[in-house]
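The values are calculated or read from the model by the stated rules, or taken from the named source; none is laboratory data. Since this is a predicted model, take the numbers as computed values, not measurements. Reconstructed Cβ throughout: ideal geometry from the backbone, glycine too, with neighbour counts over all protein chains shown. The area values use the complete protein model at the heavy-atom level, side chains included, leaving out ligands, DNA and RNA. Shrake-Rupley method; radii C 1.70, N 1.55, O 1.52, S 1.80 Å.
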Amino acid sequence: MRDKDEILQVIVDAATRLLRSSGAMIDLIDPTFAEGDAYRHTDTRLEYNEAFLDEVEVTPDAGVSGMTLRTGKVEWSGDYLADERPEHTPERDAFVKESGIRSVMAAPLLGGGEVIGAVTVYTDRLHGYDAQDAAVLTGLADQAAVAIDNARLIAELERSREENARRA
């Protein structure tokens, strides 16, 4: 696979499957890496309103993914609504309640030495993730970051070739 979008969607699907999750998402915050695309996988058995998910912004400290953006490391919560560490927002909490989510884990996407987004998984199981799951999610996040960086490098190479052709 060479297409960045296809690779990122495969990573989201794999994260959902490998971590026995109800769903997963990749959110990119740096438009220079991927124009703010979002990749999602949600188990069809999970009753939820997709509009809630679209309203949830990925910002530092908001939710578990926001904590990951700030710390640059894997973060998780075994009982999200009872956890006081992440900043809770009405949209995020409404999505969690509507979906029956209990546990959330997020790993940072690192590109060019900085956090460019997060891979987040969630489940209806209380304390559904552990350190081994964190290692798996970190590996998937690393693969996603490589795909994003490769896409950026290929785009730069194509721009350079076009510029050289124009000059010639």
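Being in contact with a strand residue (DSSP E or B) (Cβ under 8 Å, 6 or more places away or on another chain) and modelled with pLDDT of 95 or more narrows it down to one of ALA107, ALA131, ALA118, so name that one.
Of ALA107, ALA131, ALA118, the one residue that is in contact with a strand residue (DSSP E or B) (Cβ under 8 Å, 6 or more places away or on another chain) and modelled with pLDDT of 95 or more is ALA107.
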Quickly run through segment 92-104 and pick out the residues that are closer than 21 Å to ARG70 by Cα, modelled with pLDDT under 90 and surrounded by 22 or more Cβ atoms within 10 Å (Cβ to Cβ). ARG92
Looking only at segment 111-137, which residues are surrounded by fewer than 16 Cβ atoms within 10 Å (Cβ to Cβ) and assigned to a helix (DSSP H, G or I)? ALA131, GLN132, ALA135
Can you confirm whether segment 143-150 contains a residue that is under 18 Å from ASP13 (Cβ atoms) and either in contact with a His (Cβ under 9 Å, 6 or more places away or on another chain) or open to solvent by 80 Å² or more (accessible area, probe 1.4 Å) (or both)? yes
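Yes or no: ALA82 touching a residue at least 12 places away in the same chain (Cβ under 8 Å), of a type in the set (A, V, I, L, M, F, W, C) and either out of contact with any Cys (no Cβ under 6 Å at 6 or more places or on another chain) or farther than 21 Å from ALA15 by Cβ (or both)?
Values: touching a residue at least 12 places away in the same chain (Cβ under 8 Å): no; of a type in the set (A, V, I, L, M, F, W, C): yes; either out of contact with any Cys (no Cβ under 6 Å at 6 or more places or on another chain) or farther than 21 Å from ALA15 by Cβ (or both): yes.
When the stated conditions are applied, ALA82 does not pass them.
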When the residues of segment 61-81 are filtered to those that are over 10 Å from ALA106 (Cα atoms) and open to solvent by 70 Å² or more (accessible area, probe 1.4 Å), which remaining residue is modelled with the highest pLDDT? LEU81
